[in-house]
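I have placed the structure first, in the form of structure tokens, so that the comments after it can refer back to it.
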């Protein structure tokens, strides 16, 4: 917290004691930061070692250890960020190695927002303003996945001369009488097998968006899709 000059004591000895107390507090903070940085470095080394051990073999124990270390690392990084936010702005920040920021990928879609100066004339003399240049900065944003409902409307038509009725055939579905499209099934399978998101976690994520997809329904649908894909793959291999 910054010190209000009006709160400073007039006595020299009291001022010396205050300076010494602040120095001790800063030293404690620096030691705590050093310990936290060392623990972060050790966690990174342990995670790298476990990932090398994990390569080529499947072990739930290794997965749990990596997940626990990753969680602890995230907590430490969050604490470090919170400590920097709450630090005294007048205090000298600790010297840290500046990370080299990589440019954002060129293939990502860009949404350009042009910000013009509010003043239409020079605020100093009232003269006409002319273009001088521009400063460009980029931020990374994400558009969260959202659900939509595809409503299939099959209109019927009747012959004006006889009783014949015609109607388009219903489109096929990955799972008979299932509500999920092929795209949703693919999303669920990729999240489960590639991103290691169990079905119960996916169900909780979807519930936050107001969609009730219970684990049993997703499990049965995924099993049918995997079975269908296996048959299709065998047919392609045989031909």
Matching option when the condition is assigned to a loop (DSSP other than H, G, I, E, B), at pLDDT below 85 and closer than 30 Å to residue 211 by Cβ, among 137, 144: 144
Conditions first: (1) outside any helix (DSSP H, G or I); (2) surrounded by 10 or more Cβ atoms within 10 Å (Cβ to Cβ); (3) modelled with pLDDT under 85. Residue 163 passes all but one, so which condition is the exception? (2)
Given (1) touching a residue at least 40 places away in the same chain (Cβ under 8 Å); (2) over 26 Å from residue 63 (Cβ atoms); (3) not in a loop (DSSP other than H, G, I, E, B), number of the condition residue 184 does not satisfy: (1)
Filtering segment 187-239 down to residues that are surrounded by 14 or more Cβ atoms within 10 Å (Cβ to Cβ) and touching a residue at least 40 places away in the same chain (Cβ under 8 Å) yields 187, 206, 221, 224, 225
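The values are calculated or read from the model by the stated rules, or taken from the named source; none is laboratory data. None of these values were measured; they are calculated from a predicted model. Glycine also receives a Cβ, built like all others from the backbone with ideal geometry; neighbour counts cover every protein chain displayed.
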